[in-house]
Each structure stands twice: as C-alpha cells, then as structure tokens.
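> Below you'll find the structure I mean.
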Amino acid sequence: MTTSSPAQLLDGKALSARILDELQQRVSAHLASGGSAPGLATVLVGDDPASHIYVRNKRRACEKVGLNNIHHELPEDLGQDRLLSLIQDLNQDPAVHGILVQLPLPSGFDYDEHEVLAAISPDKDADGFHPLNQGALMQGYRAPIPCTPKGVMRLLDETGLALSGKRAVVVGRSNIVGKPVAMLLLARHMTVTVCHSRTRDLAAEVGNADVVVAAVGVAKLVQGDWIKPGAVVLDVGINRDEEGRLVGDVEFHAAAERAGWITPVPGGVGPMTIAMLLENTLEAAGL
Ligand code: NAD
C-alpha cells in the first residue's frame, strides 16, 4: 500500500470493500439461520444532484450486503410536517432497523434539520446524528457513532500506531464530522485540538500534530509543508479544484512528501462512510 511518495496510502476503497464483504457474510449467516434481512430506510428530499449520487451509492451498498432498502424519494416542497410524519411511520416499522435522511434538506423551505434528526428514533439512528446519541458519544456510552468519524478511526487504526498521549488536530467543528471525530480521538487518550474558521495560526496547530483530520470543505486548505514529518493525515474534505477534479482539504502530493500515512481523495474516507452506515444498521438490527 505505498505510493511513489514516502507516505503510505490509507486505502479506504480497499478497506471498505473488505468491511462490506464481512457484513455481507454476517447477513448471509443471519438469513441462513432463519432471520430476516435488516432494513435501512433512505429518505431523499428534493433534487440536489450530489445527494442523489450519495444516496444511490448507499443503496447499491445495501444491495451488495443483502440489506433490505426501503427508499423514499420526495419532492422538495413536501414540508416539515409530512417529513416528520414519514419518520414516525419508519420509527414504528419493525422491518426498518436504520433510518437515513440525506442532508442537506432543500433550502428555501421550512425544514429544520435539527428537528428532523431529533425525530428519528435513537435506536434507528444509522447516521448517529441524534442529539441523544451525540451526547452518549461525548460521555463514552455505547451508541451509534456518526459514520464518517467512525470511518476515520478505522483508517487511523490501519496504521497500527499507539495513539495514547499523542497530539491530534481536527480542522473543522461540525456536528457530523469535526466534533464527533474529536471525541473519538479523545476517547483514545490523544491530546486533541479542534481548529475552525477563527483559529489564529492554523499552520502552527497542524505542524504540532501527530494525527491531522481535515474536515472543512476548502480545497487544499491544509498545505503540505505544514505537516509534521511522519504524521497521519486523514482528509475528509470533498471539493472540486479549478479543473473540476475531486480533491480534499489537504494538498495531497506535498503532504504525502512529509506524512507517514495519508488518505487519498477520492478513495479514502468517502467509501468508509458508506461501510460504517451499513455496519451501524446491522448493529441496530442486533447482528
Ligand atoms: P461544515 O461546513 O459543516 O463545517 C466546516 C468546518 O470548517 C466549520 O467548523 C468551520 O469552522 C471550519 N472552517 C471553515 N473555514 C475554515 C478555515 N479557513 N480554517 C479552518 N477551519 C475552517 O462541513 P462538514 O459537513 O463537516 O464537511 C466538511 C467537509 O467534509 C466537506 O468538504 C464535506 O463535503 C466533507 N464530508 C465528507 C464526507 C465523506 O464521507 N467523505 C462526509 C461528510 C462531509
């Protein structure tokens, strides 16, 4: 798993394929012993093209693993009340073990994302975004872990490094990536710094880190020469560069010259998110 550069590539595509195979075996064994297929409900509101692609990839993964996908594709003007009523129906449906409402919800309508996420039963919260589950994560209780942060930790574990006492810098403080990643790193006894748009000297913060997680959404914000030699660089960002190519938040080639391990974009964190979504659904179904 090496590139021509000194850093080793953390290959999320390969790791997620291994995880999906393992999940598929778990589902097959469950079906063979008379169980029924776990169900993941996917709810897509509106016409956002990126959301359509994300949901399509999640649905394909369900098919591959043998999960039952209950899909709802709804008009952008559906409205908050009808969306909440659908979520209540899914909460009550015993064939549904996980519920995913694709974000962002259409802008210009009356949707309140916080209210929508809080309406999902915490036991069926495949994305791990429910406030009770996020609180549980903060206090270290067992609960569904948000998929992208969980995938980041799996990739980090691939390095085999001892994390306790080392320094981690998380760039970005969103509820779906930055904050939960910081909690997971803290739970592994790392010294964690969370940086954001008002951080004064991002280069100096990143330069101190043994592990860097970039979750911002700004192409190549984290410059290669900021990276501490030998550090692990986990790039969550999905952006388009000037030529329209998919790039992360990290200057990949320059960072790979200094890092010990690095995730590519695409093919790093992205595929892990889907694998973790399916894993969360299996766990919710007791598999
Ligand atoms: P967000 O917009 O909710 O949060 C971005 C964070 O970056 C904010 O906390 C903000 O303070 C910080 N930030 C903005 N400008 C900054 C700057 N100049 N310096 C330092 N910090 C800055 O984003 P998000 O939902 O957490 O997503 C972040 C990125 O990760 C996006 O590119 C998104 O597409 C991607 N993403 C990828 C996956 C995946 O599966 N790979 C999943 C979720 C998000």
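> Okay, helix-only estimate at 222 nm for the chain: each DSSP H run of n ≥ 4 adds -39500 (n - 2.57), divide by all residues, round to 500 deg cm²/dmol; what do you get? Please list the in-between numbers first.
Working: 10 runs with 115 residues, N = 287.
For the chain, the value works out to -12500 deg cm²/dmol.
> Also, quick follow-up: Exceeding 18 Å between C-alpha atoms, which entries from my cross-link table qualify? They are Lys58/Lys150; Lys13/Lys124; Lys13/Lys58; Lys58/Lys220. It would help to have the intermediate numbers written out before the result.
Working: Lys58/Lys150 16 Å; Lys13/Lys124 26 Å; Lys13/Lys58 14 Å; Lys58/Lys220 27 Å.
Beyond 18 Å between Cα atoms: Lys13/Lys124; Lys58/Lys220.
> Would you give the gap between the C-alpha center of segment 86-137 and the C-alpha center of segment 17-43, rounded to a whole Å?
22 Å
> What's the carbon and sulfur percent of segment 127-169's accessible surface, probe 1.4 angstrom, rounded to a whole number? Write down the numbers at each step before the final one.
Values: 1090 of 2080 Å².
Ligands and nucleic acids excluded, carbon and sulfur give 52 percent.
> Let me ask you something else. How big is the Cα convex hull of segment 146-271 in projection, averaged over all directions, in nm²?
6.9 nm²
> In addition: Of all DSSP beta bridges located in segment 34-121, what percent are antiparallel, nearest 5? Provide the component values of the computation, followed by the final result.
On the way: 0 of 11 bridges.
Here the share of antiparallel DSSP bridges comes out near 0 percent.
> Taking only the C-alpha atoms, wrap a convex hull around segment 125-214 and report its volume per residue in Å³ as a whole number. Mind showing how you got there, number by number?
On the way: hull volume 8.2 nm³, N = 90.
Enclosed volume per residue, from the Cα hull, is 91 Å³.
> Next up: Normalise the Cα radius of gyration of segment 34-121 by 2.2 N^0.38 Å (N = residues in it) and let me know the number. Don't skip to the end; give the middle numbers.
Values: Rg = 13.1 Å, N = 88, 2.2 N^0.38 = 12.1 Å.
In units of the globular-protein estimate, segment 34-121 measures up at 1.08.
> With both bridge residues required to lie in segment 196-279, what share of the DSSP beta bridges run antiparallel, to the nearest 5%?
Values: 2 of 9 bridges.
In segment 196-279, DSSP labels about 20 percent of beta bridges as antiparallel.
> Could you do me a favour and compute the accessible area per residue for the chain, 1.4 Å probe, result in Å²?
47 Å²
> Which of these, Ala119, Ala50, Ala259, has the largest mean-square fluctuation under a Gaussian network model of the chain (Cα springs below 10 Å)?
Ala50
> Which is farthest toward the positive dipole end of the chain among Thr148, Asn208, Gln92, measuring Cα position about the Cα centre, with Cβ charges +1 (Lys, Arg) and -1 (Asp, Glu)?
Value computed over the given set: Asn208.
> Here's something else I'd like to know. Treating only the Cα positions of the chain as identical point scatterers, give the base-10 log of I(q)/I(0) from the Debye formula at each q in 0.07, 0.13 Å⁻¹.
Here the Debye-derived log intensity ratios amount to -0.26, -0.90.
> If you stretched the chain out fully between His253 and Leu31, how much longer would it get, using 0.36 nm times the residue separation minus the C-alpha to C-alpha distance?
Between His253 and Leu31, full extension yields an extra 75.4 nm.
> If you don't mind, another one. Based on DSSP loop calls and a cut-off of at most 14 other Cβ atoms within 10 Å, the longest stretch of the chain free of exposed trypsin sites (Lys or Arg not before Pro) is what?
Working: sites that count: Arg142, Arg198, Arg200, Arg245.
Longest stretch, sites excluded: 1-141.
> Looking at the chain, what % of its DSSP beta bridges pair antiparallel, to the nearest 5? Let's see the in-between values first.
Details: 3 of 33 bridges.
The antiparallel fraction comes to roughly 10 percent.
> List the relative contact order of the chain as a percent without decimals, with contacts defined as Cα pairs under 8 Å and 6+ residues apart. Write out the running numbers ahead of the final one.
Details: 582 pairs, mean separation 62.5, N = 287.
Once normalised by length, the contact order is 22 percent.
> So what is the relative contact order for segment 34-121, in percent, with contacts set as C-alpha pairs under 8 Å and at least six apart?
Numbers: 116 pairs, mean separation 36.0, N = 88.
Relative contact order of segment 34-121: 41 percent.
The values are calculated or read from the model by the stated rules, or taken from the named source; none is laboratory data. Bear in mind that the values here come from a model prediction, so they are computed numbers and not experimental data. Cβ sites come from the backbone with ideal geometry, for glycine too, and all protein chains shown count toward neighbours. Protein only, heavy atoms only, side chains kept; ligands, DNA and RNA dropped before computing areas. Shrake-Rupley method; radii C 1.70, N 1.55, O 1.52, S 1.80 Å.
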